[in-house]
Amino acid sequence: MIYINQKLSIKNEHYKILKKLQKINKPIEARTLSEKLKIPYEKLMSGAIFSLEQVGLAKFQEEEVEVITLTKEAKSYLDSGLPERQIYDVLTQNDRKEVKLLDFSKEIEQELNFSKRLFFVGISKMKKNRWIMSSKAMGYEQIFINNESPEKTEEEQVLDLFKDSNSDSLSEIPKKLQQAVNSIYNRKLVTKDKKILRLVELTPNGKKITEEELQLIDDEIKLISSEMLKDGSWKEKLPNLKNYEVNALGPNIAAGKYHPLTVIINEVREVFHSMGFEEIKGTIVEEAFYNFDCLYQPQDHPAREMHDTFYLKNPAVGKLPKKKVIETIKNTHENGGNTGSTGWGYKWSEEIAKKILLRTHTTATTIRRLSHITKKSKLPMKVFCVDRVFRNESEDRTHLAQFMQIDGIVIGENLSLSDLIGQLVEFYKRMGFEKVVTRPGFFPYTEPSMEVSVYSKKLGAWLEMGGSGIFRPEVTYAWGIRDPVRVLAWGLGLERLAQIKLKLGDIRHLYQSPISWLREASY
Amino acid sequence: MPSLTLKLDRLEKLVGKELKIDDLEYDLQWIGLDVDDVNKEENEIKIEYDPNRPDYSSPEGIARNLKGYYEIEIGLPEFQINEGTEKINVDPKVRKIRPFVVGAIVRNIDLDEDQVGTLMNIQEALHWALGRDRMKVAIGIHDYDQVKGPYIYTTVKPDGVKFRPLHMEAYEMTPKEILEEHEMGIRYAHLLKDAEEYPIIYDAEGKVVSLPPIINGVHTTVTDKTKNLLLDLTGTDFKAVNYSLNIIASTFADMGAKVETLNVIYDDKPDEILKVPDFKPQTMQVHLDYINSYLGLKLSANDIIKCLNKVRLNASKTKNKNILNVKIPAYRCDFMHEVDIVEEVAIGYGYQNLIPVVKEGGFGKYHHAEVFANKARDIMIGAGCLEMVNSTLSSQKDYEKLGLDFNEKEQIVLLNPVSELFNTTRANLLIGLMKNLSFNRSAEKPFRLFEVGDILLLDKNRDVGARRELHLGVITLSESSDFSEIKSLLDHYFRTLGILNDVIIKPISNPTFIEGRTGEIYYKKKKIGIIGEIYPQVIINFGLNYPVAAFEINLMPFFKDQEE
């Protein structure tokens, strides 16, 4: 950080703390610091440390540590010593060298008011420490003193740490005593907890900054008040105005914001509008007739089955259009009708066509638009649809039962596959993809059909974006659209675009709207 | 889409050309295949093919088109089919349940592991693509040396015969038992649901060859010792069984086996002998100007013939300069219209060689609903609200959580929901907004959320029995969310539209809201929505513990006024 002509200003009292930290010259736990400085913890953190951090002189980081705390039992040993020490002291009274265990237990019970359990814990510890030895040579157990003046055990040293620090809890235990901590933990003399430690540390700048480089102020002010402006006192108080770390993030605000999906939809919309397309909308609850039959999908086509399409129980059947239209579609499926096609060669059923479903593609809406075209309609006509469609799928990270589909069509005379590629190249260019490749593909309602891939600079990869093609005569003839009038069509999934643009891992986020994600989202 | 793994060395043999895996990855797309995965260590490419091209279900089928693409071999592929003497007699009774049977004899097979895999793959692909899961076509492959012709295709009573079926060879079973107990029987029983008798194929000695479309008899099982095969294909669609046979037979021929025809004779028409497989190509006529106009090209007749030859079709000129005669191989099932030839010309020409043509023109037009929706979004975002986008699919349980009764007769109901989470559609935006609060309960408060979106309602006046309605919903949650906060937001919206004076709120009682703090919203005497503080039990139902207030209005009544 470089300050030219302007000194960093901090409060005088904070400077004292800075100097102390410079002296300590290593990370220090905030509570320890507060004890050392005799400043209440909260005040220290929200006052000095916060201010020093704001001007970039100090920083603090959080660290999870293990804290051990004395149990009630252990506290009672702080002065009198661990059971083994107390027992040993009794044993060595009167220069005794040996004692019968059974008698001794009674003695301890009287003398120290120890339970049998506690007595044997003590004896076993004493043996382990090699303070005593035992023998059953006489037919009963005897114990002998083995060590005349035993040193403090590691467990006792741990207890002393508590005693010295005058505290019931400790987090910093010397490494060599770690094992002893575990063993007194097993003795239920301490409990273990996790605790967040806040370590305060000076930044490199904080470590070397000197009094000369600082402007020390006694009475810091945060705001220029209306009073100050009115009475002119701002002039004298300005030097006391707290400086901000101007590069720090401001606090969060709960702002109003577009959902990223809306932003992307509107972008797509603008691209279509800029290319001279009109937006159309249509019914979401749709008849199988428009969704499948009009698109020359045979009635036994797998896509029409229950496990791919949501059918409705209520409403269950639709009204179908005029008899003449139904008849045309029926003939087209059965024998090609007047389209020049062989047709599928099966018996078409009105009952199947009547079924109501949630549309599986916006092409159903496009077809309804075709039905409005008359000889008087002005061609070429360009329309698009961006709307919700449904598939009977279980949702996971990459699949949705409901999603947005984009459909564009151009209706005009003598339109060709080269025109369609031209529209696609132009469309994707305006969507931000410079390179577009079209290859042979298959869709039941277009011929020729093309798969479309674009190159994403952002991901450095080719992506399959969707399909396209020229509507089959079997699709358009029913609506009086006959060669050389043709319909160019393409479609793509919006979520695919969204995943690329938003770098989204889990596609379900789009419809769960996690607020923290939305507040962070950039577009 | 169906998929297939191609081994480079096998493909090289079939194509007759050294292939590099990188080149192949590039080239395959131009004959209509989708490269899914390239394994350079194993020299394998996993491809996906479109359901209209079941002939692509084998490396042999793909090699045929690759040879054309590389111009190693062009035009209609030729296959050696020998005239056979073997017969199958058909009892007219099958017409009622499964009318068609075709087949072939395949001699001198010497299949390696890969080729056996290929056969299984083709069988599966055909059952799926042309057979509609064995309904339209079912395929049986048998060891020809274990049976004796002539064969009989007839019907049998459910308990009229006992035989050992494949996969359960330890048991002699009747057809009825197979349908009830055999794994394949259970799976395909629905195809014979209404039949009084079941289709069956016997050999001359009365042994059961197969019980189509369910299972074969065990004694015709194909093993690694099998030298000659009998194929049977039965079904309900004459074209489909023949296409399927042609695809299998052409693959066997490409594998080097000798294919022999089978004579199919219906008992009631003993003079009509059907010889299958029939490799006579399908013929179609196309017009030059039609093709050129469709592709935006100016190809000559010779150019077009060359393109078609590359995709393994034949074409020849006719007296009419504008018309070509096209011959289509018998294994291709995707030609219904002249336009299907157009696509073949495009593939032969190369999609990559088409030059994009950009035609300008047309006037764009905004949809008034979207214009109005975006305006609503702008107004609410200006008031500090965060936009939500929620699913149209909804659950009956969500309605109950809102304290509302769900009546199947008055609501849209899904017939085949995936789960209880989606068994209806939303009739209000409030459901989604409450779920947003619930989903985000640990996020930093306060919340001011809104959604502009369509809800679905039953409507007897529509051909589809339902309509969509554009709504605006706003919801707030914080320590201090109350009626006055939500009312300020509502007022802000109407004020910005300039219609605040046309709106009045009338107190009502509603199970979702607290009485005395809720009302219906009227615009020019028309009820358009509701506003209020959410009833505490409803808040709790959604796992929340802060006060919530909301409003929801139908935006449809405003459009017209706004447009004019």
query: Arranged by the count of other C-beta atoms within 10 angstrom, fewest first, what order do A:Glu111, B:Glu41, B:Glu408 take?
result: B:Glu41, B:Glu408, A:Glu111
query: Hey, with R₀ at 41 Å, roughly what FRET efficiency would B:Thr496 and B:Ser419 work out to, going by the Cβ-Cβ distance, to 0.05?
result: 0.50
query: So, with +1 on the Cβ of K and R and -1 on the Cβ of D and E, and no other charges, what is the size of the charge dipole of the protein assembly as shown about its Cα centre, to the nearest 20 debye?
result: 2460 debye
- prompt: Roughly speaking, what is the centre-to-centre gap between segment A:274-342 and segment B:370-387 when only Cα atoms are used, to the nearest Å?
  reply: 35 Å
Fraction of antiparallel bridges per DSSP, the protein assembly as shown only, in percent to nearest 5: 90 percent
- prompt: What is the calculated FRET efficiency for B:Ile72 to B:Met1, with r their C-beta to C-beta distance and R₀ = 25 Å, to the nearest 0.05?
  reply: 0.40
query: Tilt of helix B:368-382 relative to the longest C-alpha principal axis of chain B, in degrees (0 to 90, nearest 10)?
result: 50 degrees
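Quick check on chain A: helices-only [θ] at 222 nm, where DSSP H runs of length 4 and up contribute -39,500 (n - 2.57) each and the sum goes over total residues. Nearest 500, please.
The helix-only estimate for chain A comes to -10000 deg cm²/dmol at 222 nm.
For each of A:Ser225, B:Ser394, A:Ser341, count neighbouring Cβ atoms within 10 Å of the residue's Cβ, then give the residues from fewest to most.
On the way: A:Ser225 13, B:Ser394 25, A:Ser341 22.
Least crowded to most crowded, the residues run A:Ser225, A:Ser341, B:Ser394.
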field: Over chain A, relative contact order from alpha-carbon pairs under 8 Å, at least 6 apart, %
entry: 13 percent
- line: Number of Lys pairs in segment A:83-152 closer than 23 Å at Cα, excluding neighbours under 8 places apart unless interchain, is 27
statement: In this structure, the FRET efficiency calculated for A:Glu62 and A:Thr203 from their beta-carbon separation, with R0 = 22 Å, to the nearest 0.05, is 0.85
query: Got a sec to turn the phi values of segment A:292-305 into Karplus ³J(HN,Hα) couplings, 6.51 cos²θ - 1.76 cosθ + 1.60 with θ = phi - 60°, whole Hz, x for Gly and Pro?
result: 10, 4, 5, 9, 6, 8, x, 5, 9, 5, x, 4, 7, 6
query: For the charge dipole of segment B:399-529, defined by +1 on Lys and Arg C-beta atoms and -1 on Asp and Glu C-beta atoms about the Cα centroid, which residue among B:Ser480, B:Val418, B:Thr496 has the Cα displaced farthest towards the positive pole?
result: B:Thr496
message: With +1 assigned to the C-beta of every Lys and Arg and -1 to the C-beta of every Asp and Glu, and no other charges, what is the dipole magnitude of segment A:83-152 about the Cα centre in debye, to the nearest 20?
response: 340 debye
statement: From the Cα centre of segment A:441-503 to that of segment A:47-111, the distance in Å is 77 Å
- prompt: What net charge do the residues around A:Gly491 carry, taking every other residue with its C-beta under 12 Å from that of A:Gly491, with Lys and Arg at +1 and Asp and Glu at -1?
  reply: -2
query: Which entries in the list A:Lys355/B:Lys239; B:Lys148/B:Lys310; B:Lys7/B:Lys310; A:Lys382/B:Lys319 go over 32 Å, if you measure between the two C-alpha atoms of each?
result: B:Lys148/B:Lys310; A:Lys382/B:Lys319
message: If you restrict to DSSP beta bridges whose two residues both lie in chain A, what percentage is antiparallel, to the nearest 5?
response: 90 percent
task: Among A:Val452, B:Val241, A:Val263, rank each residue by its count of other Cβ atoms within 10 Å, from fewest to most, as a rough exposure measure.
output: A:Val263, A:Val452, B:Val241
task: Mind scanning A:Lys354/B:Lys176; B:Lys375/B:Lys524; B:Lys96/B:Lys225; A:Lys7/A:Lys43; A:Lys347/B:Lys306; A:Lys313/B:Lys506 and naming the pairs with a C-alpha gap bigger than 27 Å?
output: A:Lys354/B:Lys176; B:Lys96/B:Lys225; A:Lys347/B:Lys306; A:Lys313/B:Lys506
query: In whole Hz, what ³J(HN,Hα) sequence does segment A:351-361 give by Karplus (6.51, -1.76, 1.60; θ = phi - 60°), x for Gly and Pro?
result: 4, 5, 5, 6, 4, 9, 9, 8, 3, 9, 7
field: HN-Hα J in Hz across segment B:437-451 - Karplus 6.51, -1.76, 1.60, θ = phi - 60°, x for Gly and Pro
entry: 4, 5, 5, 9, 4, 8, 6, 5, 8, x, 10, 10, 10, 8, 9
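Rule-based calculations on the coordinates, nothing more; no lab input. In this text, all values refer to a predicted model and were calculated from it rather than measured experimentally. Using ideal geometry, Cβ is built from the backbone for each residue, glycine included, and neighbour counts are taken over all protein chains shown.
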